[in-house]
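Participant: Below you will find the structure I want to go over with you.
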Amino acid sequence: MRGYARLKNACKYADVSQTTMRNWFSNGLKFSKVKGILLIKLTDIDNYIAQYSKDSDRRASAIASEVLNDLQYAQ
């Protein structure tokens, strides 16, 4: 698969509507505009979606670190 996609194909790749994809742009998904053509790097879509994954081990570790940090400052 190519590294970049136009909006329509990027939406197909992520299985979302163009409205959702444009919302993602507003929320930080990177895109380029070359001579009026919107291009989205497919790995950027993957990375954008991955930041919202529910990785329970990572979340649990972050929560534990925060609690320990709070306890340390409470002493």
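The values are calculated or read from the model by the stated rules, or taken from the named source; none is laboratory data. Given the structure is predicted, the values throughout are model-derived calculations rather than measurements. Positions of Cβ are generated from backbone atoms using ideal geometry, with glycine treated the same way; all protein chains shown enter the neighbour counts.
Participant: If you go through segment 40-56 one residue at a time, how many are more than 13 Å from Y13 (Cα to Cα) and of a type in the set (A, V, I, L, M)?
Facilitator: Qualifying residue count, segment 40-56: 1.
Participant: Something else now. Residues Y48, Y73, Y52: which one is among the aromatic types (F, W, Y), at pLDDT below 95, on the phi < 0 side of the Ramachandran plot and surrounded by 10 or more Cβ atoms within 10 Å (Cβ to Cβ)?
Facilitator: Answer to the check: Y48.
Participant: Residues being modelled with pLDDT under 95 and hydrophobic (A, V, I, L, M, F, W, C): count how many of those fall in segment 1-33.
Facilitator: 1
Participant: Among the residues that make up segment 28-41, is at least one of them without any contact (Cβ under 8 Å) to a residue 40 or more places away in the chain, under 13 Å from the mean Cα position of the chain (by Cα) and surrounded by fewer than 15 Cβ atoms within 10 Å (Cβ to Cβ)?
Facilitator: yes
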